[in-house]
Every structure is written in structure tokens, then in C-alpha cells.
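Encoded as C-alpha cells, here's the structure I'll be asking about.
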There are 2 protein chains.
Amino acid sequence: MVPTAGRKVPLVDLGDGTALLTDRYELTMLQAALGSGTAGRRAVFEVFARSLPAGRRYGVIAGTGRLLDGIERFRFDAAELDYLTSNGIVDEPTAHWLEKYRFTGNVWGYAEGECYFPESPILVVEGTFAEAVLLETLALSILNHDCAIASAASRMVQAAQGRPIIEMGSRRAHERAAVASARAAYIAGFATTSNLEAGRLYGVPTAGTSAHSFTLLHDSERHAFEAQLAALGESTTLLVDTYDVERAVRTAVELAGPSLGAVRIDSGDLGVMARRVRDQLDSLGAHDTRIVVTGDLDEFGIAALAAAPVDGYGVGTSLVTGSGAPTASLVYKLVARSDAPEDDAPMRPVAKRSTGKPSRGGRKTAVRRIDGHGTAFAETVTTGEPIPGPRDRVLHVPLVRNGEIIGRESLLDARERHARAIAELPPTATQLSKGEPALPTEFVNGGPRR
Amino acid sequence: MVPTAGRKVPLVDLGDGTALLTDRYELTMLQAALGSGTAGRRAVFEVFARSLPAGRRYGVIAGTGRLLDGIERFRFDAAELDYLTSNGIVDEPTAHWLEKYRFTGNVWGYAEGECYFPESPILVVEGTFAEAVLLETLALSILNHDCAIASAASRMVQAAQGRPIIEMGSRRAHERAAVASARAAYIAGFATTSNLEAGRLYGVPTAGTSAHSFTLLHDSERHAFEAQLAALGESTTLLVDTYDVERAVRTAVELAGPSLGAVRIDSGDLGVMARRVRDQLDSLGAHDTRIVVTGDLDEFGIAALAAAPVDGYGVGTSLVTGSGAPTASLVYKLVARSDAPEDDAPMRPVAKRSTGKPSRGGRKTAVRRIDGHGTAFAETVTTGEPIPGPRDRVLHVPLVRNGEIIGRESLLDARERHARAIAELPPTATQLSKGEPALPTEFVNGGPRR
């Protein structure tokens, strides 16, 4: 039995719970497992990507902090339970079980900002089947989105070679995905975002001055520039391509003097325009006035401007759409389970045998192998206890222990970790051309699991 | 001055306000306009797409209902104002202005479910510059996302030729974007969604039974099927490709009998598998058991299965990523303004002259031209009052009047409207091959604006 969309739609109360951000089949599986007596079996689910987007050299973990918040908010309230039972989605015993639901298991994962490769076991969720299966959709939604954005963002940051990038894609993404995108981009090394909610919620530095509409609102471009300078000071960024760039730059420097902060160019051949504007600014004595370029840039567009006199980039659409790969294609697979609910029941590796989509059974951990020069050379995945060499890094960190969130950390920690993780990869990792993953993933048997 | 990401990050309080889902430059423009005395000028902004995604024949409006909710929630609360002032984003006078902010203007738009074409003025926002500019990011975020999803979904529905499609892409999208995607897909004609929150919030019918993990949890496939049938009844859908499809189908019919609802195939060559499974089901007497196929389907994959004995499709990734076009590329442009704040001050068309991104000044309305057979043949956009012919449809409907939301309607109304709008287009509209927009957009001068 399913509900039908009613004719009267009031203001929708979104709430901040996460329990229904879930595919229906998780609840029907729960109900069936409660009935068959298998719901309490111990289970291990893993999140991994079978491959990276075509030609990409590495992926970037983002969303971990959001996922931990989401797990903490994963509670079924009265209205949600009423929806589920009154629409026949679950029966009463299942609803009672859901009412008391708290995730009491364990989660390990690659830390936020870390790089990953095909088959990297980036998240491991351990608990009863019932409690762990419920987190499938939420975990995948958050990680698939945020990893896709961070992975694209990191390539742009590498292409920019130290020049700052402003994230300004909010308008081209779902309004809440935009906030998550700004957060992920900051982890990957973007300097700022236009998105105010990302500033308020996560402390991402924000930036932004004016649009063409502001110039068009005023009786002249001069009047608009005067208004902006009066409100925001000489260090502001003036948008100079509403009418005629050369005239606008002349007016801008005339009004602000040589200490004008920056000018922004949003159209035309950005490399040619930047060179012309740089020459003009220099001839006017505005040697310190920076040039910011925006307008459909992606990592390739940024790289193409490496030799142009550009001081900063604004990136929108290509960032929030993952630059051609809007989802990370991560999956959440049962890899081991017990035959009985006891905590010490032996775990049995499981894997389906579907054509073209094989998966590897057994709970896995991973080690990044580091050579004598401090450069990574392999990703070693093991179903036993990892045996790291002296320079190797064990990649799993504890995130949730017996239901308690223990892996929350600041965005700056994740951002700094990403910078270190990138520096450690071989130089081929940051090539923009299509290629193989920067590290091979090797499956080995480690020591016996402790 | 910008905040820095702190080292301590507590559980983030998301809230349900929308005012900070906004680009910073809207607030800096507001502050500068308040200073220069232009904030109160009457302004008209329009939302339109310069083009459709490459080769697409039409776009689909979705998100209108969500946008109206978002406008109603566009309020600056104390915590948000404190964030803005303590981080130097706005000054105190601007914060006072924001504290009292309510949108008091007017909004017209193409109704939800309607089709659109390049340059269609799909939303018109009229108010003071100050109040209308603030809605730019929110309006674009919602419409760019939801229109992109609905536009892709509609093509899939056409390709499916009446067979039902289940939306199941939540895991491949941001967790809240997933809810909006399910809503947009339903407007475009999808039958159901896996997303429970879309069911609860919007009344979209939900569907879902089990994943491979459920089979792997049990000691045998037989045990798993028995558990599912016991919980969900014979009308359920059994997933038959965890191990060996032929064996699974045999077991399924043996356990459920010929009244088994459906089997799902998620891997392999779906056309070949569907034929084999159909023959097997028929040989077992299960003539009414349906076959549902899933696994990386998009509109082309669906079309390729038109001759296969398939009874329903599940679509995930390609739906939530807009099947190659994850954003609708809509823009929000100032097209007219007054020189003075008086309500009756004459409006002046405005447009920037940037290279490659021209826009047309003046407030516009639109008419869908319909021929004697009831088939649309043109989209007529006018800056004056439209002069529709007897069969033509005027496309703007009132959504907000003097700040009051008046355009809210049920999802079923939008869904039915979309079915009518598609039926009215010329047959070329539903071709999947790349081509020109199904209707030409013509700019004409209408009668004098009343």
C-alpha cells in the first residue's frame, strides 16, 4: 500500500532527522530479518568504489563529519513512525523496533581529506545486520556526493598551483548540496566559498562582492563602483565586464586609486582579457590590484591560464557537478556475517557472484605503503590484521565505537590532512590527463585478525 | 574579515531556514545599495536558460513548490544575523534591514510540470532591488537542480512507453537532493521512489523490497526468499541474481507459487536475462509474475529494452545526475528597473553587453502557440502584454502576490500538467537522438503592458 500525493500541500516541515533519508528496502529487509530471526546476526558492511571516474588518478574522502552528524540524528520520531505504519511500509513490531533504534555498533573509515583508490575500503560498518543495514542509504548519499565534489576540487586546486580559488557554485546545485559542496571544496584546498550557510555551519571562509545586476541597477557604471567602494572599501573586487572592460578598469582605478583590491572578469577569452587588464592596471600604477577570473572554469580551464596574469579563480558549475563525475559510485556491501547473534560468533566472508559486479568477501583494512623518500607506492588491502612497514600508514581510524561518535574533528584538520596526502603521492597523481590510478591496490593476506 | 574553521566541531544544527542558502555577494550588494540609495528601486529579475543541454528537445519545470516553501522560510534569525555581523559580512544597518526582511513583491512563473525551451522566461521576480536580489541563489539552486532532474526523468518516462519506472537513486546523490530528485521524477511521470522522506514529505508513492545483502545474510537463498515471502507476502519482488539466476527463479516460484509478484534482475545483459527469465517463469506457470530490471539504466538503456519482456525499470544514478546534465544552467538576471522607488516609476529595460553572454532587457511573458490539431508549434516571448490566439496558452501563473504565497498546488496537479504538456508537443520532442529544441522561441512585441 502506498500513499498518493494529496491535492493540498501545506508548507513542508523538513525537520533535521535523517532516518527517512533511506531507501524503503532497508526497512522491508529489516522486517523480514526480524521475522526470520537473522536480524541480530553480526554483520560487516564496507563502502568502496569499484573504480575511479574514467581517467582520474585518485579520489578524495569527504563527508565523514557530516555522516557522523547524520548517524547521531538517525532516530525515528513519532511522525516518521506514523508515516511508516499508516502507509503499510512496516508492521507494528518493526515500528516498535525502530522507535528504540540507536546505532550501537562500530565504524572505522579513511579519515576525511585522505586520498583513496579503487577497492579502498573507505568505510567499515560493524553491528547487527539490522542496525547496520539501515545506514546504507545515508552513508552512501553523503559519501558519494561529498567525495565526488572533493575529488574534483582537489584537481582544480592542483591546477591552480597555489593561486586561490573561490567556490561559487551554489546556484547550480541543490540548495543543501551546495552547502556540502562548499565544505568539501574547502577540505580539498579551495580558499573561500560564496555560500553563507557553509560559513555559518562549518566556518568555511566566505567571499563575494557584486554581480552585473548591481551595475545595471545604477544610472552608470561609475555610480555603481562609487556605491560599492563606499560600502566595502578600496580593497573590494570590482566587476569590470558589464559594458566595456577597458573603460571599466579606467573608471575603477580613477575612483579607488592604485590600492584597489581586485577586478573580476566573467566573460570573454579570460587569458587574453587578463593580459590586457594587467597591462592596463600596471600602466595606471595599480600594480597591486589583483585580477580574478570567473566563468565556466574547470580544472582544465584553470590549467590553461597558468601563464596568464591571473591572481585568483572563481569556480562554480564544474565544482558542484564534480567536473563530469557528479557521484563517486561508492557502494555499501555486506562482506562478512556471523551465523548467530553472539558477539563472539565467528564471522563468515560473503560475496555475491553477479555478472560484472563481483565483490570480495571478508572485513578489510588498508595500509598506504611509503618508500624511503616519503612517497607512496601502493595501497595494500588485507582481510587480516595489517602488518605495516616502518613508514607505512594504517588508513582506518575509529569513527564510532559502540554507538558513540568518537571521530568528529575540525574541517581544518581534514584540510591539512588532504594537503599532506596529496604531497605524499607520486607526481603522476596530479596530472590532469587521463590515466591509471596513481597507486595500485594490492590484496594481501595480513596477520590473523586480533 | 572571514571566520576560520575552528578545531572543535560540535553536532551541526542545520535548521530549516533558507536565508543563508545565499551567495555572500547578494548581501554585499544589498549593503552597497542601501548606502547609495538605490536599494528601493523597483526591479524585475528573470530566470531563464540560454540553451538546453546539448541535443535535448525540451526542459521540464520542477521545484516551484519547493521554491515557494523556501521563500516562506527566507527569514534572518538572531543566530544568522549574529554570524553575518560578527564576521563582518554586513554592517549593523544592513543587519537591521535583514532582521525585518520579508519578501513583499510578486512572482510569476511557468507552472510546475510545464515544458520550457531556450530563453523561456520561466520565473519573473518583481520587487525592490533589495528584496528581489536576495532570492537569486535560492531560486536558482532549487530550479537548476529540480528542473535538471525532471528533464532527464521525462525522457526516461517517454522511453519506457508506459512501463512503470521506480526512482532509486538516493544513494548516488546528496541526501537532501535525493528527496528533491524523487519529487521531480514523480512530476515527470515516474511511478514510485525508493526514498522514504519523499514519501513522507510529498506523498510520492514508495517501493522497495530487498538487496543482495539480505540474501547473503541468510544461510541460503532459499532461506532468504522464505523470510521475505513470510514478511511481505507473495506479491513481493524477489532479487534473483545474487548467485545463479536460473536456480533462483526456480526456487522463487517453488516457494511463492505462480502468484509471485515479481523478480528483479540487477546485473548481466538485461535484455538477454529478461528473455530467459520470462521463458522460465512461463514454463513454471508464473505467467503473471513481472520482471523488473535495474542496473545503470538511463533513457537509452530503457529504450534498448523496449522489445524485451520487461515489466518495469529501476533507475538510480542517471536520474539523480540528470543523465549527463546535472544542472539546468538557469540564470537569474536583472531585466528592468526603475530610476526611483515609487511603485509607478517607469521601468527601464536593462541588459549587460558581455561577450558571449548577452541578455535581453525588459520584463517578458510567454505564450505557447497551439495549432488546429492541438499541437504546439512555437514559444512566443514578448516584452509587452501577450496577445494569445484562441488555442494558445499563456504560460505565466501567479505564484506570489505582494509577498503572499498563492501558487502552491499538489504534486499530482504538476504531474498531470506535465503529461498534458508532453502530449501537446510535436512528436519530435520525445525523440532521444540529439536535435534542436522541439519548439522555436520567437521574440515579438506584444501589446502595451497594462
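Are any residues in segment B:256-276 surrounded by fewer than 17 Cβ atoms within 10 Å (Cβ to Cβ) and over 25 Å from B:ALA304 (Cβ atoms), and if so, which ones?
B:GLY257, B:PRO258, B:SER259, listed by residue number.
Go through segment A:158-195 and give me each residue that's aliphatic (A, V, I, L, M), within 16 Å of A:ALA419 (Cα to Cα) and under 14 Å from the mean Cα position of the chain (by Cα).
To start, the set of residues in segment A:158-195 that are aliphatic (A, V, I, L, M) comprises A:159-160, A:165-166, A:168, A:173, A:177-180, A:182, A:184-185, A:187-188, A:191.
Those left that are additionally within 16 Å of A:ALA419 (Cα to Cα): A:159-160, A:165, A:184-185, A:187-188, A:191.
Residues satisfying the conditions are A:ALA184, A:ALA185, A:ILE187, A:ALA188.
Moving to a separate point now. From (1) at the interface with chain A (Cβ under 10 Å from one of its Cβ atoms); (2) at pLDDT 95 or above, pick out the condition that doesn't hold for B:ASP282.
Among (1) at the interface with chain A (Cβ under 10 Å from one of its Cβ atoms); (2) at pLDDT 95 or above, B:ASP282 violates only (1).
Among A:THR104, A:THR85, which is surrounded by fewer than 21 Cβ atoms within 10 Å (Cβ to Cβ), touching a strand residue (DSSP E or B) at 6+ places or on another chain (Cβ under 7 Å) and farther than 30 Å from A:LYS434 by Cα?
Working: A:THR85 fails: touching a strand residue (DSSP E or B) at 6+ places or on another chain (Cβ under 7 Å).
When all the criteria are applied, what remains is A:THR104.
Continuing with this model, one more query. How many of the residues in segment B:196-219 are more than 7 Å from every other protein chain (Cβ to nearest Cβ) and closer than 12 Å to A:THR22 by Cα?
Result for segment B:196-219: 1.
Going by the conditions given, is A:LEU238 closer than 28 Å to B:PRO349 by Cα and assigned to a strand (DSSP E or B)?
Details: closer than 28 Å to B:PRO349 by Cα: yes; assigned to a strand (DSSP E or B): yes.
Yes; evaluated as a whole, the condition is true for this residue.
Taking A:ALA340 as meeting all but one of (1) more than 22 Å from the chain's Cα centre (by Cα); (2) in the same structural domain as A:PRO53 (by TED's automatic domain parsing); (3) under 22 Å from A:PRO53 (Cβ atoms), write down the number of the exception.
Of the numbered conditions (1) more than 22 Å from the chain's Cα centre (by Cα); (2) in the same structural domain as A:PRO53 (by TED's automatic domain parsing); (3) under 22 Å from A:PRO53 (Cβ atoms), the odd one out for A:ALA340 is (3).
Let me ask something additional. Search segment B:177-195 for residues being of a type outside the set (Ser, Thr, Tyr), at the interface with another protein chain (Cβ under 7 Å from one of its Cβ atoms) and in contact with a Gly (Cβ under 8 Å, 6 or more places away or on another chain), and hand back the single one that is farthest from B:ALA252 (Cα to Cα).
The qualifying residue farthest from B:ALA252 (Cα to Cα) is B:ALA180.
Just one of (1) assigned to a loop (DSSP other than H, G, I, E, B); (2) in contact with a strand residue (DSSP E or B) (Cβ under 9 Å, 6 or more places away or on another chain); (3) of a type in the set (D, E, K, R) trips up A:ASP219, so point out which.
Single failed check for A:ASP219: (2).
Can you work out which of the residues in segment A:409-447 that are within 27 Å of A:GLY203 (Cβ to Cβ) and part of a loop (DSSP other than H, G, I, E, B) is nearest to the other protein chains (Cβ to nearest Cβ)?
Looking at the filtered set, the residue picked out is A:SER410.
Is one or more of the residues making up segment B:304-316 in contact with a Phe, Trp or Tyr (Cβ under 9 Å, 6 or more places away or on another chain), within 14 Å of another protein chain (Cβ to nearest Cβ) and assigned to a loop (DSSP other than H, G, I, E, B)?
Of segment B:304-316, the ones in contact with a Phe, Trp or Tyr (Cβ under 9 Å, 6 or more places away or on another chain) are B:305, B:315.
Going one step further and asking which of them are within 14 Å of another protein chain (Cβ to nearest Cβ), we end up with B:315.
Among the residues that remain, those that are also assigned to a loop (DSSP other than H, G, I, E, B) are: none.
Among the residues of segment B:304-316, not one is in contact with a Phe, Trp or Tyr (Cβ under 9 Å, 6 or more places away or on another chain), within 14 Å of another protein chain (Cβ to nearest Cβ) and assigned to a loop (DSSP other than H, G, I, E, B), which makes the answer no.
Conditions tested, residue by residue: (1) in contact with a Ser or Thr (Cβ under 9 Å, 6 or more places away or on another chain); (2) surrounded by fewer than 23 Cβ atoms within 10 Å (Cβ to Cβ); (3) at pLDDT 95 or above; (4) hydroxyl-bearing (Ser, Thr, Tyr).
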{"residue": "A:VAL204", "(1), (2), (3), (4)": "yes, no, yes, no"}
{"residue": "A:GLY208", "(1), (2), (3), (4)": "yes, no, no, no"}
{"residue": "A:GLU226", "(1), (2), (3), (4)": "yes, yes, yes, no"}
{"residue": "A:SER235", "(1), (2), (3), (4)": "yes, yes, yes, yes"}
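Now for a separate question. On the basis of being of a type in the set (Asp, Glu), more than 22 Å from A:VAL331 (Cβ to Cβ) and at pLDDT below 95, does A:GLU385 make the cut? Outline the logic, then answer.
Values: of a type in the set (Asp, Glu): yes; more than 22 Å from A:VAL331 (Cβ to Cβ): yes; at pLDDT below 95: yes.
Yes: the conditions hold for A:GLU385.
Can you list the helices (runs of 4 or more DSSP H) found entirely within segment B:1-114 that contain at least 3 residues being more than 7 Å from chain A (Cβ to nearest Cβ) and under 30 Å from B:TYR186 (Cα atoms)? Show your work before the answer.
Values: elements: B:24-36, B:64-72, B:78-86, B:92-99.
Passing ranges, in order: B:64-72.
Would you confirm whether or not segment B:257-277 contains a residue that is at positive phi, at the interface with chain A (Cβ under 10 Å from one of its Cβ atoms) and without any contact (Cβ under 8 Å) to a residue 60 or more places away in the chain?
Filtering segment B:257-277 down to residues at positive phi leaves B:257, B:268.
Filter once more, so that each one left must be at the interface with chain A (Cβ under 10 Å from one of its Cβ atoms): B:268.
Cutting the leftovers down to without any contact (Cβ under 8 Å) to a residue 60 or more places away in the chain gives us B:268.
Looking through segment B:257-277, at least one residue is at positive phi, at the interface with chain A (Cβ under 10 Å from one of its Cβ atoms) and without any contact (Cβ under 8 Å) to a residue 60 or more places away in the chain.
Let me ask something else about it. Collect the residues in segment A:78-128 that are over 30 Å from A:PRO346 (Cα atoms) and touching a His at 6+ places or on another chain (Cβ under 7 Å), keeping them in residue-number order.
The answer is A:GLY113, and nothing else.
How about segment A:282-326: which of its residues are at positive phi and surrounded by fewer than 18 Cβ atoms within 10 Å (Cβ to Cβ)?
A:GLY285, A:ASP296, A:GLY324
Hey, another quick one. Would you be able to tell me the number of residues in segment A:151-176 that are away from chain B (no Cβ under 13 Å) and either among the hydrophobic types (A, V, I, L, M, F, W, C) or assigned to a loop (DSSP other than H, G, I, E, B) (or both)?
So in segment A:151-176, the residues away from chain B (no Cβ under 13 Å) come out as A:151, A:153-163, A:165.
Add one more test, that the residue is either among the hydrophobic types (A, V, I, L, M, F, W, C) or assigned to a loop (DSSP other than H, G, I, E, B) (or both), and what stays is A:153, A:156-157, A:159-163, A:165.
Result for segment A:151-176: 9.
Give the residues of segment A:150-174 that are buried (at least 24 other Cβ atoms within 10 Å of the Cβ) and either polar (S, T, N, Q) or within 30 Å of A:ARG102 (Cβ to Cβ) (or both), sorted by residue number.
A:ALA150, A:SER151, A:SER154, A:SER170, A:HIS174
Scanning segment B:410-437 for residues that are within 21 Å of the chain's Cα centre (by Cα) and among the acidic types (Asp, Glu), which turns out surrounded by the fewest Cβ atoms within 10 Å (Cβ to Cβ)? Let's see the steps before the verdict.
Let us first name the residues in segment B:410-437 that are within 21 Å of the chain's Cα centre (by Cα), namely B:410-425, B:429-432, B:437.
So of that shortlist, the ones also among the acidic types (Asp, Glu) come out as B:413, B:416, B:424.
Values: B:ASP413: 17, B:GLU416: 13, B:GLU424: 15.
The extreme case among them is B:GLU416.
What do you reckon, is A:ALA351 aliphatic (A, V, I, L, M), part of a loop (DSSP other than H, G, I, E, B) and surrounded by fewer than 19 Cβ atoms within 10 Å (Cβ to Cβ)? Before you say what the answer is, go through the steps one by one.
Details: aliphatic (A, V, I, L, M): yes; part of a loop (DSSP other than H, G, I, E, B): yes; surrounded by fewer than 19 Cβ atoms within 10 Å (Cβ to Cβ): yes.
Considered against the rule, which asks whether it is aliphatic (A, V, I, L, M), part of a loop (DSSP other than H, G, I, E, B) and surrounded by fewer than 19 Cβ atoms within 10 Å (Cβ to Cβ), A:ALA351 comes out as yes.
With the structure loaded, tell me whether A:ALA185 is buried (at least 24 other Cβ atoms within 10 Å of the Cβ), without any contact (Cβ under 8 Å) to a residue 60 or more places away in the chain and of a type in the set (Gly, Ala, Ser) or whether it fails that test. Break it down into steps so the answer makes sense when it comes.
Working: buried (at least 24 other Cβ atoms within 10 Å of the Cβ): yes; without any contact (Cβ under 8 Å) to a residue 60 or more places away in the chain: no; of a type in the set (Gly, Ala, Ser): yes.
Against the criterion (buried (at least 24 other Cβ atoms within 10 Å of the Cβ), without any contact (Cβ under 8 Å) to a residue 60 or more places away in the chain and of a type in the set (Gly, Ala, Ser)), A:ALA185 does not qualify.
Please go through (1) at pLDDT below 95; (2) hydroxyl-bearing (Ser, Thr, Tyr); (3) in a strand (DSSP E or B) for B:SER359 and return the number of the only condition it doesn't satisfy.
That leaves (3) as the condition not met.
Next up: Please count how many residues of segment B:26-76 are without any contact (Cβ under 8 Å) to a residue 60 or more places away in the chain, surrounded by fewer than 24 Cβ atoms within 10 Å (Cβ to Cβ) and over 30 Å from B:HIS418 (Cα atoms).
Count: 5.
Before we move on, is A:VAL263 farther than 25 Å from B:LEU334 by Cβ and of a type outside the set (Lys, Arg)? Lay out the reasoning, then the answer.
On the way: farther than 25 Å from B:LEU334 by Cβ: no; of a type outside the set (Lys, Arg): yes.
Answer is no for this residue.
Now, a different point. Taking the options A:LEU255, A:LEU281, name whichever one is part of a helix (DSSP H, G or I) and touching a Leu at 6+ places or on another chain (Cβ under 8 Å). Steps first, please.
Working: A:LEU281 fails: touching a Leu at 6+ places or on another chain (Cβ under 8 Å).
Of A:LEU255, A:LEU281, the one residue that is part of a helix (DSSP H, G or I) and touching a Leu at 6+ places or on another chain (Cβ under 8 Å) is A:LEU255.
The values are calculated or read from the model by the stated rules, or taken from the named source; none is laboratory data. Treat the numbers as computed from the prediction; the structure is a model and nothing was measured. Backbone-built Cβ (ideal geometry, glycine too); neighbour counts: all protein chains shown.
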